[in-house]
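**Q** This is the structure I have questions about; it appears just below.
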Amino acid sequence: MIDFFTAHAPVLAIVVFIFGALLAPVLGRINNSLSYYCALITTALSFMLSVYLLVSVYNNGPLEYFLGGWKPPYGIEYRVDILNSFILSVVSFVSFLSIIYGYGSIKAEIYDKRRPAFYSVYLLFIGGMMGILITNDIFNMYVFLEITSLAGYALIAMGRTRYSYMASFNYLILGSIGATFFLIGIGYLYMQTGTLNLTDLAQRLQGHFDTNVVLVAIAFIIVGLMLKMAVFPLHFWLPDAYTYSPSVISAAMAGTSTKVAAYLLIRLMYTIFGIQADFSGINFSGIIIGISSITILAGSIIAISQTDLKRMLAFSSIGQIGYILIGTAMVNKYAFAGGLLHILNHAMMKTALFMVAGGFFYKLTSTKISDLKGMGRQMPFTSTMFLILSLSMVGIPLTVGFISKWYIILGAAQSGNWIVVPVILLSSLLTAIYFGRVVNTLFFKESEASNTETLPVKIPYSMIGSTAVLVFLCIFFGIFAYLPAEISLKAAENIIGAMPWK
């Protein structure tokens with residue numbers, strides 16, 4: 001029985017979302033609460049399955065699943081190894097906690113009649129990302145990417161302001177461009193090799209890295225995925241999407257969607273191409289390091305000038321995605337592990353920060369930084385959580401933010417990429433500046449005259465509790481860093497050691 005469950009666990013991780021998405025609106029016709037519990041149970045099952053897969057592949061090696069019994073390259077293969085099982089666990093955990101958080105915030109930010117549809121689309125959104133992570137077929141990746149994107153457009157548009165529609169439309173236009181670029185790249189690869197299976201692609205591309213067809217394919221894929229990741233200067237969709245979407249969606253997207261796009265780029269550059277292969281003298285590793293450095297600094301600099309808390313966090317996310325890319329681009333075990341750790345660490349930190357921002361919005365109906373004056377007294381627990389998360393974002397020791405930066409710096413020193421060190425240090429200083437400004441407003445500025453009395457609105461325990469769990473984990477994994485670090489290092493060894501070479 002256990003062997004049967006293990007063999008089918010990869011497909012079950014996606015099937016649960018299909019059934020959940022179909023069931024949620026049906027149950028919503030009976031009662032809105034039933035659709036919520038459907039989403040809650042679905043994400044909980046997904047998290048348990050993801051952890052089970054992680055433990056299984058860590059102990060026993062990769063799992064393969066052939067849909068319909070058709071083996072690749074003729075059929076679609078699902079493949080779970082330590083790299084994608086690690087990110088599967090991150091995505092499923094964030095989606096589960098976000099649903100718990102949403103029990104309170106969704107009632108305040110989404111109209112009653114939209115909630116069953118919201119839960120259904122939310123499950124499609126998470127299920128699409130799980131599919132991207134599990135599949136070993138590049139066209140199947142595109143299909144799941146489109147499912148995720150279409151669901152994301154709808155979720156952003158469910159906000160109550162007209163700006164939500166504008167943000168959704170902008171994301172739709174730019175997201176469609178990114179997806180088209182990605183699909184064109186896939187088409188060129190298929191034209192060259194006649195296969196879509198990643199393992200088969202890696203073998204058939206040997207000796208063809210310097211052909212124009214492959215070079216054009218790589219260019220389209222990288223640009224398309226960097227647009228999906230919101231890498232500077234392809235970031236224009238992200239600030240509005242995070243700012244004007246419902247709080248639960250800002251939190252869930254910040255912790256998942258760009259990380260999954262980063263996984264796609266990492267997987268393709270290492271598994272198919274070999275990031276150090278001879279691409280007609282083009283140093284893709286160096287190019288990605290350069291783009292990542294610019295992204296880190298640009299996101300941090302622009303965040304300083306923002307007057308809205310959610311918008312500041314959005315630009316901060318743009319900078320932080322650069323850490324993931326710069327770590328994984330150095331082809332060094334410790335730097336790669338640092339990049340993977342930052343997927344987990346940033347998911348926890350930024351999801352929690354957007355949850356805190358949602359708490360402020362729930363009480364103030366505003367996320368303008370100037371409206372947060374004196375909230376350190378009126379909302380001491382929420383404000384203290386923001387302070388702890390800010391210290392982690394800066395990279396203070398004993399927090400998760402320090403661990404991933406330390407591994408990236410260590411890898412940069414070992415690989416001779418010394419330019420990365422001042423970039424990370426300067427970015428940490430800039431992060432301290434823009435988070436310090438908010439902390440100063442919370443704790444050291446007096447409330448406006450209209451807000452001198454304690455506000456009567458009480459934040460639901462579901463919102464506070466789910467945020468507190470993430471804040472606790474930011475400290476726990478900062479102190480006991482060896483737990484995720486061991487998994488990240490093993491994943492780094494596996495994927496770097498398995499790179500295809502010309």
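Nothing in this text is a laboratory measurement; each read-out follows from the coordinates by a stated rule. Predicted model, so just to flag it, every value in this text is computed and none were measured. Ideal geometry is used to build each Cβ from the backbone, glycine not excepted, and the neighbour counts take in all protein chains shown.
**Q** Could you list all residues from segment 293-323 that are buried (at least 24 other Cβ atoms within 10 Å of the Cβ), touching a Leu at 6+ places or on another chain (Cβ under 8 Å) and either closer than 25 Å to Asp210 by Cβ or β-branched (Val, Ile, Thr) (or both)?
**A** Residues satisfying the conditions are Thr295, Ile318.
**Q** Moving on. Can you go through Leu410, Leu387 and tell me which one is in contact (Cβ under 8 Å) with a residue 12 or more places away in the chain, out of contact with any Lys or Arg (no Cβ under 9 Å at 6 or more places or on another chain), part of a helix (DSSP H, G or I) and more than 24 Å from Phe336 (Cβ to Cβ)?
**A** Working: Leu410 fails: more than 24 Å from Phe336 (Cβ to Cβ).
Only one candidate qualifies: Leu387.
**Q** Restricting the search to segment 367-403, which residues are surrounded by 23 or more Cβ atoms within 10 Å (Cβ to Cβ) and over 26 Å from Leu344 (Cα atoms)?
**A** Result: Leu372, Met375, Met379.
**Q** Determine the pairs where a residue that is among the polar types (S, T, N, Q), located within segment 208-237, has a partner that is not in a loop (DSSP other than H, G, I, E, B) with Cβ atoms under 9 Å apart, the partner being 6 or more residues away or on another chain.
**A** Thr211/Gln192
Quick grid of which residues meet (1) closer than 16 Å to Leu123 by Cβ; (2) in contact (Cβ under 8 Å) with a residue 40 or more places away in the chain; (3) loosely packed, with under 14 Cβ neighbours inside 10 Å; (4) not aliphatic (A, V, I, L, M):
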site	(1), (2), (3), (4)
Ala13	yes, yes, no, no
Ile18	yes, yes, no, no
Leu27	yes, yes, no, no
Leu34	yes, no, no, no
Tyr37	yes, no, no, yes
Ala44	yes, yes, no, no
Phe47	yes, yes, no, yes
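**Q** When residues of segment 329-340 are filtered for being part of a helix (DSSP H, G or I) and more than 12 Å from the chain's Cα centre (by Cα), how many remain?
**A** Going through segment 329-340, the residues part of a helix (DSSP H, G or I) turn out to be 333-340.
Filter once more, so that each one left must be more than 12 Å from the chain's Cα centre (by Cα): 333-339.
Final tally of qualifying residues: 7.
**Q** Kindly evaluate Leu54 against the criterion of being surrounded by 24 or more Cβ atoms within 10 Å (Cβ to Cβ) and either among the polar types (S, T, N, Q) or assigned to a helix (DSSP H, G or I) (or both).
**A** Details: surrounded by 24 or more Cβ atoms within 10 Å (Cβ to Cβ): no; either among the polar types (S, T, N, Q) or assigned to a helix (DSSP H, G or I) (or both): yes.
Criteria not met by Leu54.
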